[in-house]
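The values are calculated or read from the model by the stated rules, or taken from the named source; none is laboratory data. For clarity, every value in this text was computed on a predicted model and none was experimentally measured. Quick reminder, even Gly has a Cβ in these numbers, built from the backbone with ideal geometry, and neighbours come from all protein chains shown.
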Amino acid sequence: MTNIHPVLLAHAERLLGELLKTHLPADAVVSTYFRHQRELGHADRAFVAENVFAVLRHRRSLTARCAGDLSSRRLLLAALACRQGLNLRQLAPLLNASESRWLAQAKALRVEDLPPAVRLDLPDWLYEQLAGQFSTDDLAALAAALNRPAPLDLRVNPLKTDRPAVLARLHADGIAAAAGRWSPLAVRLAEKPALAAHPLFIDGSLEVQDEGSQLLGFLLQPKRGEMVADFCAGAGGKTLLLGALMRSQGRLYAFDVAEHRLARLKPRLARSGLSNVHPLRIESERDLKVKRLAGKLDRVLVDAPCSGLGTLRRNPDLKWRQTPASVDELSIKQAAILRAAATLVKPGGRLVYATCSLLAAENEAVVDAFLSAHPDFVVRPAEEILAAQQIAISCGERLRLLPQVHATDAFYAVAMERT
């Protein structure tokens with residue numbers, strides 16, 4: 001990346017300006033922007049998105065270099081020079097004299113001299129919470145991993161094909177891919193090609209799903225012929241995995257409060273070949289549709305709505321959009337959802353609570369309070385459940401996935417059995 005066209009920088013400036021003043025998710029804003037900029041090719045879009053997301057990831061440390069001018073242009077130039085590694089000679093055609101002087105000073109700033117939260121590109125409140133959970137070195141490694149873009153992970157649909165066949169087909173098509181380290185259905189791509197028109201996607205043989213997310217399905221471990229619920233199904237990525245693990249036998253409910261999320265499940269469901277999935281929109285966790293199933297289900301997955309801070313590799317804007325107050329609200333909602341979902345589980349059945357959050361307030365605190373109030377539920381060791389499925393991961397009783405350790409998004413998950 002030595003010659004940056006001024007038009008591309010202008011697009012990045014405009015898009016970043018929109019992102020810095022909105023409360024909408026960054027990926028949705030970026031997608032909408034590109035839909036209105038048809039003239040931008042694949043490489044142009046990649047440049048714009050990569051550099052805009054670099055600013056979102058490193059906003060605090062870049063702000064410290066911007067000498068009070070926090071315009072989109074300054075932040076992008078600082079990102080190009082200080083995060084993407086371009087030198088002043090490469091950037092010279094884009095700079096005026098005052099920008100050249102400022103950027104030379106910005107590059108000379110020693111990151112080690114910045115406060116820890118600024119250096120790690122975390123808001124103060126999040127740094128303080130994580131500093132109470134991780135050692136200084138572990139937190140630095142975690143923050144660095146969260147600030148790297150996530151790879152593209154796929155999940156093989158075992159109803160349609162197997163992983164060796166998928167890898168062979170991808171390699172034949174010139175797409176570099178390897179088997180995932182943890183999930184027996186995971187495939188990791190070396191790059192991020194456009195795959196929507198690939199035959200393996202069209203016929204439902206592949207879905208996009210982070211490898212860590214896939215492990216939640218194996219922790220629930222649904223069996224053929226069982227009654228199972230994905231309590232917070234969303235767009236249904238985990239629902240499709242659960243249905244495949246059940247070999248499309250039994251009954252699988254996909255609950256969600258948002259019709260538009262369940263609508264996104266329908267075309268994926270049609271491709272998947274599954275016939276045992278029943279999407280149901282509910283008004284809340286207390287919906288009559290939920291109450292009718294009390295004590296009847298073999299397994300229930302609660303992938304609870306959370307802060308999403310474990311997905312900062314993909315959604316760096318979340319660390320600037322979440323607040324201590326929003327986390328407090330979420331933890332109350334998580335506890336209510338977990339209580340309601342637990343009523344569905346029959347004696348001997350399994351309940352899995354999971355989040356893609358790093359915070360104890362959304363994880364240990366919610367589960368421990370639930371277990372204290374529900375002595376009829378006991379924790380089943382996650383490591384043993386996964387080992388029984390030939391997934392060798394050292395995690396002990398509760399599954400904790402971290403990007404710097406497992407190269408996945410950060411997840412927390414606990415399997416509980418109703419005695």
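Brief remarks follow.
- Condition broken by Ser248, with the remaining ones in (1) of a type in the set (S, T, N, Q); (2) more than 21 Å from Pro184 (Cα to Cα); (3) surrounded by 16 or more Cβ atoms within 10 Å (Cβ to Cβ) satisfied: (2)
- Which listed residue, of Asp69, Asp153, Asp113, Asp124, is acidic (Asp, Glu), touching a helix residue (DSSP H, G or I) at 6+ places or on another chain (Cβ under 9 Å), farther than 30 Å from Asp328 by Cβ and at pLDDT 95 or above: Asp153
- Residue that is surrounded by the fewest Cβ atoms within 10 Å (Cβ to Cβ), among those in region 389-407 that are in contact (Cβ under 8 Å) with a residue 60 or more places away in the chain and in a loop (DSSP other than H, G, I, E, B): Gln390
- Leu170 vs. criteria in contact (Cβ under 8 Å) with a residue 60 or more places away in the chain and either in the same structural domain as Ala270 (by TED's automatic domain parsing) or buried (at least 17 other Cβ atoms within 10 Å of the Cβ) (or both): no
- Residue in region 155-164 that is over 23 Å from Arg314 (Cβ atoms) and without any contact (Cβ under 8 Å) to a residue 24 or more places away in the chain present: yes
- Of the residues Leu338, Leu386, the single one that is among the hydrophobic types (A, V, I, L, M, F, W, C), under 21 Å from Glu283 (Cα atoms) and at pLDDT 95 or above is Leu338.
- Hits in region 165-210 (condition: within 17 Å of the chain's Cα centre (by Cα), closer than 25 Å to Gln221 by Cα and not hydroxyl-bearing (Ser, Thr, Tyr)): Gly180, Trp182, Ala186, Val187, Arg188, Glu207, Val208, Gln209, Asp210
- Any hit, region 64-76, residues being over 20 Å from Leu16 (Cβ atoms), in contact (Cβ under 8 Å) with a residue 24 or more places away in the chain and part of a helix (DSSP H, G or I): no
- Selection status of Lys107, among the basic types (Lys, Arg), part of a loop (DSSP other than H, G, I, E, B) and not assigned by TED's automatic domain parsing to the domain that holds Ala365: no
- The residues listed here are Val327, Val378, Val405; of these, the one that is aliphatic (A, V, I, L, M), touching a strand residue (DSSP E or B) at 6+ places or on another chain (Cβ under 9 Å) and in the same structural domain as Ala294 (by TED's automatic domain parsing) is Val378.
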